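Let me begin by presenting the structure, written as structure tokens, before commenting on it.
Nothing in this text is a laboratory measurement; each read-out follows from the coordinates by a stated rule. No experiment lies behind these values; they were computed from the predicted model shown.
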Amino acid sequence: MVADDDVPSATGEWECMECGYIEEGVEARRPKECPECGAPADAFDFFSNEESDEEDWDSDDPEDDESDGEDEYDEDTEDEDRY
């Protein structure tokens, strides 16, 4: 039998959904109470630091660009055209 302490746990952050307090920790150890607002343990959600295959925010693939091809508004250019 494997003890709970021997099982690796994801590292990340526990966030209190009541006040926004964030505490670094591991998924297996939920805070018992929020030190900021006193919310109970079930008010905390865990956000893992582990990389996910679902989203790649650093993608350099041009097809990932959601631009519709139109030029973006440039306020400086418009001012130059007036004069």
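Work out, in µm²/s and without decimals, the Stokes-Einstein translational diffusion coefficient of the range 8-50 at 25 °C, 0.890 mPa s, Rh from Kirkwood over C-alpha pairs. The diffusion coefficient I find is 243 µm²/s. Coupling constants for the range 13-24 follow from the phi torsions by the Karplus curve (6.51 cos²θ - 1.76 cosθ + 1.60, θ = phi - 60°), and in residue order they are 10, 9, 10, 6, 7, 8, 10, x, 4, 10, 10, 6 Hz; glycine and proline get x.
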